[in-house]
Structure formats: structure tokens, C-alpha cells
1. Once the other residues with Cβ under 14 Å from the Cβ of Glu106 are scored (Lys, Arg +1; Asp, Glu -1), what is the net sum?
2. In nanometres, what is the gap between the two model label sites at Ala99 and Glu21, each 7 Å from Cα along Cα-to-Cβ?
3. Quote the charge dipole size of the chain about the Cα centre in Debye, to the nearest 20; the model charges only the Cβ of Lys and Arg (+1) and of Asp and Glu (-1).
4. Expressed in nm to one decimal, what extension gain is obtained for the pair Glu161 and Arg143 from 0.36 nm per residue of sequence separation less their Cα-Cα distance?
5. Please work out the C-alpha center-to-center distance from segment 1-16 to segment 50-89 and express it in whole Å.
6. Taking the chain as the reference, fit the longest principal axis to its C-alpha atoms, fit the long axis of helix 46-61 to the helix C-alpha atoms, and give the angle between the two in degrees, 0 to 90, nearest 10.
7. Residue-wise, which Karplus ³J(HN,Hα) couplings in Hz belong to segment 29-34, taking 6.51 cos²θ - 1.76 cosθ + 1.60, θ = phi - 60°, and x for glycine or proline?
8. Length gain on complete extension for the stretch Glu106 to Ser136, per 0.36 nm per residue less the alpha carbon to alpha carbon distance?
Amino acid sequence: MEVIAATHNKNKVREFREILEPLGYSVITAEEAGYFDEPEENGSTFGENSLIKARSIYAACRKPAIADDSGLVIDALNGEPGVYSARYGGLEKNEDRVALVLKKMENVPDENRTGRFVCAITFVSADGAEVTAEGSVEGFITRAVQGNNGFGYDPIFYSPELGKTFAQAGADEKNAVSHRGRALRLLSEKLKKGE
């Protein structure tokens, strides 16, 4: 089944493909479907934003669509960057947003550097039925960038399960424990059960 990924983020499309294609889904990009809009993500939760994006592409293309909204939630920063992770501090580049987090966290002791990645994924089927799943992964914010893989905040997110940052992990390692991997697997189970 062909599914349109409601994202312009090539890294997310790659992760969607790595996890969904073995389940029989063929993931195409929004551009490949001729969809170039950027719906306003004005939800107050990851779930609301993923729903906004999935509904938007489904309404435009009338084909199955999948969208996620995800971000980093840091306890010492009262949940920031949260739903604003992709535009934190009004900054354009990942490196600048990472640097901002590290600056805000520089005086936070190691034991209080807890946080989590959260991901909500919404799938809209050919008949317009909506299914949402959420996944999260706990970890710690490092004091410096570590690793060259991944994207976004991966270089400063240390996963105790992996014993390294997400940016130090290979794609299969990361997908096994990541927030997006967990949300996609849960979504897959819901789709199989017809929920």
C-alpha cells in the first residue's frame, strides 16, 4: 500500500521507510505526491500537530497519509523545547538549536539532565479513518555534541539503553529504541488489529 509521508524532512522519510516498508507499505514523499503545503502546526501537543499534518495531506491528495510530530522534552527546562523543537529559539539550523539547549543546560548537574524524545504518529487511511500512536524514550542531555549520525538533537541525547547518544548509534540500533520507532511499531500493531 502506498502511503504519503507528510513531511519535508528526508531523515524522517528514511526512518518511516526503514520501519514501514518491511511491513508492506511503500512510503513516498510529499513532494513525490505533488504536495508542497506547510500546514500551520498550532496544536498544543505532539498528537494534535501530527493530526493536523496528516489531515492536511489526506485532504489534498485523498490517499493514505502518515505524519509525525516529535521533539525533545527536557525536565530542567520545564519541558522545553517540546512541541517547538524544530523551531526552538526561532533558530533555523539544528546546530544552533543544539547549542542553545547546551547553553541553557550548562549549569544543570548531571543527575538533573533528564529528558525524553516523544513522537506522535497519525495515519489516515484511504477511507479517512484516523489512527494515532505515541512513543517515547528516556535519556539524558550530554554536555557536548557526541556523534555524527542522526539529526536534530540526536548528538546531545544519551540513551542508557544504547550506552551512547543517538548520533553515535547506527540506524538499526536507534530505530530499535527510538521514540519514532516505538510509535511506528505501535501504529503498525493498531493497523493490523483494525483499531
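1. Counting the neighbours of Glu106, the net charge comes to +3.
2. Here the answer is 3.5 nm between the modelled labels.
3. Dipole of the chain, to the nearest 20 debye: 180 debye.
4. 4.6 nm
5. Between the Cα centre of segment 1-16 and that of segment 50-89, the gap is 13 Å.
6. 30
7. Listing the rounded values in order: 7, 4, 5, 4, 8, x Hz.
8. 8.4 nm
Any read-out appearing in this document is the output of simple, stated calculations on the displayed coordinates, not a laboratory observation. Quick caveat, the model's predicted, so the values are computed rather than measured. Quick reminder, even Gly has a Cβ in these numbers, built from the backbone with ideal geometry, and neighbours come from all protein chains shown.
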